[in-house]
Each structure stands twice: as C-alpha cells, then as structure tokens.
Amino acid sequence: MQLENKPIVVISSTNAEEISNFIRAMFKDCRLNGSKKLIINFISSISYPEFIQNAREALLDNIDLGAYIYIWKPEEVDQMMKKILENRQDMKGIIIYCDNNNKYTIEKILHKVPNSIKANIIKDYCK
C-alpha cells in the first residue's frame, strides 16, 4: 500500500510512563491508515525534552515516518485547537488518545471541537 503525505492529527494526554506505548500505537495506526506523517498534540505539564526522553526508542523504531510533536500545557488548549483548525484541510484524519487518568481532560477538549472536525475521527482510544 502506498502511504500518503497527508498527516494524521493526534490529540492526546497520558502519563509519562505510557508515552512510549502511546507513540508506538500512533505510528501503527498511522501506517494502517495509509499515512506517512503524524502531528501529535500532547497535552501535559511535562517538558518537551522529558517527552522526547520517554518517546525516544519508539521514535527511533519508526524513523521512516514523520512526526511533528507539540507539547501543550492544559491551559493552552485553545491555542492548540486554533492550530488544528488552521490545518484542517490538509489532514487525513484525527486520532484521540488518553489514559484513564486523563479522560476528563480530553472530554473537555472534544466539546470544543467543531462537528466538521469530529467527522474526521479515525479512532478514539478514550471511549
């Protein structure tokens, strides 16, 4: 199967210990949905270097795929949504990912997502 350059947008929040598993799952879904790129919007208070440290092995295992990683503080969700809405024409779809501790955070964000964007949800791991 030929992979497309249209990115899959990920909205996610999980604890630091789960970042590696999260990244692996996202790259697997990226391949299964025929895309070469991920745009990961990760909502957390951790720093970018800490995120990369936890995701390093999973990122290196999938070096053939592209990934843009944005770390957003919980109070920056409106800025994140603005960025996602700016690029909505170019995206292949959206994946929602969270762990049990962060379900509420993601549910709050999903209420702000317009229906036109919700129609592009490929997979929702928070249900």
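The values are calculated or read from the model by the stated rules, or taken from the named source; none is laboratory data. No experiment lies behind these values; they were computed from the predicted model shown. Every residue, glycine among them, receives a Cβ derived from its backbone with ideal geometry; neighbour counts consider all protein chains shown.
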Qualifying residue in the range 76-95 (condition: β-branched (V, I, T) and either surrounded by fewer than 16 Cβ atoms within 10 Å (Cβ to Cβ) or in a strand (DSSP E or B) (or both)): yes
Within the group S12, S20, S45, which residue is crowded, with 19+ Cβ neighbours inside 10 Å and hydroxyl-bearing (S, T, Y)? S12
Could you check, for the range 19-38, whether at least one of its residues is closer than 22 Å to E107 by Cβ, among the hydroxyl-bearing types (S, T, Y) and touching a Pro at 6+ places or on another chain (Cβ under 8 Å)? no
Counting only residues that are assigned to a helix (DSSP H, G or I) and more than 14 Å from the chain's Cα centre (by Cα), the range 106-116 contains a total of 4
Go over the candidates N101, N115 one by one and state the one that is surrounded by fewer than 16 Cβ atoms within 10 Å (Cβ to Cβ) and touching a residue at least 60 places away in the same chain (Cβ under 8 Å). N101
Can you name the number of the only condition in (1) at pLDDT 95 or above; (2) more than 19 Å from T14 (Cα to Cα); (3) of a type outside the set (S, T, N, Q) that I95 fails? (2)
Go through the range 65-98 residue by residue and tally those that are out of contact with any strand residue (DSSP E or B) (no Cβ under 9 Å at 6 or more places or on another chain) and free of Cβ contacts under 8 Å to residues at least 12 places away in the same chain. 4
